[in-house]
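Worksheet for the structure shown next.
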Amino acid sequence: MYEHTARRYTECMTHSLYIKQKLFSLWGRYTVENAAGQVVYTVQGEPSLTRRQKIFDDSGHQVGELHKALLSWLDRFEISIHGRPAGTIQQKFGFRPKLELDYFGWQVRGDIWGWNYDVQDSRGAVIARIRKELWHLTDHYAIHY
């Protein structure tokens, strides 16, 4: 049933974003481009005890932030949008790695390599597919929604 649902919603996904890690970026710097190759977001990591990534729009204004919780056994990232807490991304323990997304009731399903993910809404409908693009010197991901 999952494959049928995923296939049906993938056909309806008409928008794409592409995340590209910059080469030689000490703390992590990424650009997020639309299908036309225009930069719509920039993600800039900064040195801190917790991994912190700030998200800027194409005008250079900070619109969001991800930061790793300091006292957490498994990876847990807190999401804030415009300075307000918005949700969390939590790695779950188990035979198969799993991410739990606490954001609008969405869920994340992925493969064991951590390269490909489906984001589902609260009803289980696939609303986005995230796929790692191989054969690049740095990390590249495609998000189809």
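The values are calculated or read from the model by the stated rules, or taken from the named source; none is laboratory data. The shown structure was predicted, so the numbers you read here are calculated from the model rather than taken from an experiment. Note that each Cβ is placed from the backbone with ideal geometry, even for glycine, and that neighbours are counted across all protein chains shown.
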Can you say whether GLY124 is outside any strand (DSSP E or B) and in contact with a Pro (Cβ under 7 Å, 6 or more places away or on another chain), as far as the supplied structure shows? no
Does SER59 fit the bill of being over 27 Å from LEU23 (Cβ atoms), among the small types (Gly, Ala, Ser) and either touching a residue at least 12 places away in the same chain (Cβ under 8 Å) or part of a loop (DSSP other than H, G, I, E, B) (or both)? no
Against the definition (outside any strand (DSSP E or B) and not β-branched (Val, Ile, Thr)), how does LEU99 come out, yes or no? no
Would you check if TRP27 is within 17 Å of HIS144 (Cβ to Cβ) and either modelled with pLDDT under 90 or surrounded by fewer than 11 Cβ atoms within 10 Å (Cβ to Cβ) (or both)? no
Considering (1) free of Cβ contacts under 8 Å to residues at least 60 places away in the same chain; (2) under 13 Å from the mean Cα position of the chain (by Cα); (3) farther than 15 Å from THR138 by Cβ, say which one LEU17 fails and leave the rest. (1)
Step by step: first the residues of segment 117-138, then only those that are farther than 17 Å from LEU101 by Cα and loosely packed, with under 14 Cβ neighbours inside 10 Å, then the one that is modelled with the highest pLDDT. Which residue is that? GLU133
Restricting to segment 73-93, give me the number of residues that are more than 16 Å from LYS54 (Cα to Cα), over 14 Å from the mean Cα position of the chain (by Cα) and part of a strand (DSSP E or B). 1
